[in-house]
1. With +1 assigned to the C-beta of every Lys and Arg and -1 to the C-beta of every Asp and Glu, and no other charges, what is the dipole magnitude of region 1-61 about the Cα centre in debye, to the nearest 20?
2. How would M40, M1 rank on accessible area, largest to smallest, probe 1.4 Å?
3. When all C-alpha to C-alpha distances in the chain are sorted into bins of 10 Å, what percent of pairs does each bin hold, rounded to whole numbers?
4. Applying the Karplus parametrisation 6.51 cos²θ - 1.76 cosθ + 1.60 with θ = phi - 60° to the phi angles of region 9-21, what ³J(HN,Hα) value in whole Hz is obtained for each residue in order, glycine and proline being reported as x?
5. Check which residues have an amide H placed less than 5 Å from A56's amide H, if you skip close sequence neighbours.
6. Please compute the contact order of the chain in relative form: average sequence separation of alpha-carbon pairs under 8 Å and at least six residues apart, divided by the residue count, as a percent.
7. Please list, by residue number, every one of the trypsin sites (Lys or Arg not before Pro) in the chain that is coil in DSSP and has at most 12 other beta-carbon atoms within 10 Å.
Amino acid sequence: MSILDAARRYIAAGLRTIPIRLGGSKSPTIEWAPYRARPMSADEIRKLFSDGVGIAILGGHASGDLE
């Protein structure tokens with residue numbers, strides 16, 4: 001499964017995801033705060049989740065109060 005496929009599955013399950021850097025830093029590759037308030041568009045998902053990034057799931061209210 002590709003990173004893009006995994007991101008789409010998390011999003012379909014109601015979780016907000018953001019791309020992160022690989023290599024252990026876990027830092028976001030984007031300014032992630034706007035995605036706490038709104039989901040990514042299909043175009044954003046396709047552009048942001050390419051090979052070479054990992055996935056982080058935003059917790060709290062953004063993802064149905066995920067803790």
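1. Dipole about the Cα centre, nearest 20: 140 debye.
2. From most exposed to least exposed: M1, M40.
3. 22, 59, 19
4. Those phi angles translate into 5, 4, 5, 4, 7, x, 9, 8, 10, 9, x, 10, 6 Hz.
5. For A56, the qualifying residues are I18, I20.
6. Averaging sequence separation for qualifying contacts and normalising by length gives 44 percent for the chain.
7. Working: sites: R8, R9, R16, R21, K26, R36, R46, K47; in loops: K26.
Of the trypsin sites (Lys or Arg not before Pro), the ones in loops of the chain whose Cβ has at most 12 other Cβ atoms within 10 Å are K26.
The values are calculated or read from the model by the stated rules, or taken from the named source; none is laboratory data. Keep in mind the model is a prediction, meaning the values are calculated, not measured. No Cβ is skipped: glycine too gets one built from the backbone with ideal geometry, and neighbour counts run over all protein chains shown. With ligands, DNA and RNA removed, areas are computed over all heavy atoms of the protein, side chains included. Shrake-Rupley method; radii C 1.70, N 1.55, O 1.52, S 1.80 Å.
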